[in-house]
Amino acid sequence: MNFAPLEKLPKNQADITLDCLEKTYDEWADNYDHDLKSIGYPGPLNAVKIVEKLLNNKDAKVLDMAAGTGIVGEEFQAIGYKNIDASDMSVTSLEIAKQKGVYKHVFRCCMGEERIEAEDNTYDAITVVGCWSIPIKVDVFREMNRVLKKGGYLVSCFRPDVWSERDIYGYRGALNDSSQWVKISEELRQYHGQLATQDAHYSSYWHFVVYQKC
């Protein structure tokens, strides 16, 4: 796997800005699919399998946030889902996602900073595979709740150091302490294969969680 784009980021994860991350993924976009798949990248499929158990209706309307180059969308399409939208802050990545033809609507959105391009109560589920490794404004969970239908699901995954009792970025607290959400499930599943790195941030198994809109 080519880590050159990531190696340019600040070593302290909390110092990584969204602007810096956007530029990194713009640079990485052309090689992203190859690099991730070369080490094994079951995270997207694991998330999609969770959605399938929750929403067996293949016409369900889903928003794939932090969609990047559309790997999650490919997994949805492979099992028959056709009503999937996508958003990401990297325009270069989204252009690649568009070319795959796995999404109905694709739009730029910087999570926690911008309004989601959708009306209230639009989606049956939202997926976010990755993304939470740096500080993002927890207001994003209120915005996700806004565009979900009542009873809709947020299916996401978090690195162990982020989804710990320390709750370094406040994500657990924002979801667990909110009257807008109820926790449905949490399990440790493989996110990617083993990496040739000594960086303790990179764990192969992440916490896959499901929250439902009250």
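The values are calculated or read from the model by the stated rules, or taken from the named source; none is laboratory data. This is a predicted model, so every value here is computed, not measured. Neighbour counts run over all protein chains shown; Cβ positions are idealised from the backbone, glycine included. Just so you know, the surface numbers come from the protein's heavy atoms only, side chains and all, with ligands and any DNA or RNA stripped out. Shrake-Rupley method; radii C 1.70, N 1.55, O 1.52, S 1.80 Å.
Out of region 175-185, which residues are within 17 Å of Leu148 (Cα to Cα) and not charged (D, E, K, R)?
Matches in region 175-185: Leu175, Ser178, Ser179, Gln180, Trp181, Val182, Ile184.
Which condition number in (1) modelled with pLDDT of 95 or more; (2) assigned to a helix (DSSP H, G or I) is the one that Asp59 fails?
With (1) modelled with pLDDT of 95 or more; (2) assigned to a helix (DSSP H, G or I) applied to Asp59, the lone miss is (2).
Modelled with pLDDT of 95 or more, in contact with a helix residue (DSSP H, G or I) (Cβ under 8 Å, 6 or more places away or on another chain), of a type in the set (Asp, Glu) and not in a helix (DSSP H, G or I): is that true of Glu119 in this structure?
Here the answer is yes, as Glu119 does meet what is asked.
Select from region 73-101 the residues that are open to solvent by less than 10 Å² (accessible area, probe 1.4 Å), over 28 Å from Tyr169 (Cα atoms) and either touching a helix residue (DSSP H, G or I) at 6+ places or on another chain (Cβ under 7 Å) or modelled with pLDDT under 95 (or both) and list them in ascending order.
Of everything in region 73-101, those that are open to solvent by less than 10 Å² (accessible area, probe 1.4 Å), over 28 Å from Tyr169 (Cα atoms) and either touching a helix residue (DSSP H, G or I) at 6+ places or on another chain (Cβ under 7 Å) or modelled with pLDDT under 95 (or both) turn out to be Phe76, Ile84, Ala97.
Only one of these conditions is not met by Gly70: (1) surrounded by fewer than 24 Cβ atoms within 10 Å (Cβ to Cβ); (2) in contact with a helix residue (DSSP H, G or I) (Cβ under 8 Å, 6 or more places away or on another chain). Which number is it?
Of (1) surrounded by fewer than 24 Cβ atoms within 10 Å (Cβ to Cβ); (2) in contact with a helix residue (DSSP H, G or I) (Cβ under 8 Å, 6 or more places away or on another chain), only one is false for Gly70: (1).
Find the residue count for region 162-201, including only residues that are of a type in the set (S, T, N, Q), at pLDDT below 95 and surrounded by 13 or more Cβ atoms within 10 Å (Cβ to Cβ).
Residues meeting the conditions: 1.
Considering Glu143, Glu117, which residue is over 17 Å from Pro44 (Cβ atoms) and in contact with a His (Cβ under 9 Å, 6 or more places away or on another chain)?
Glu117
Checking Pro42 against (1) in contact with a strand residue (DSSP E or B) (Cβ under 8 Å, 6 or more places away or on another chain); (2) open to solvent by 30 Å² or more (accessible area, probe 1.4 Å); (3) closer than 21 Å to His105 by Cβ: exactly one of these is not met. Which one?
The number of the failed condition is (3).
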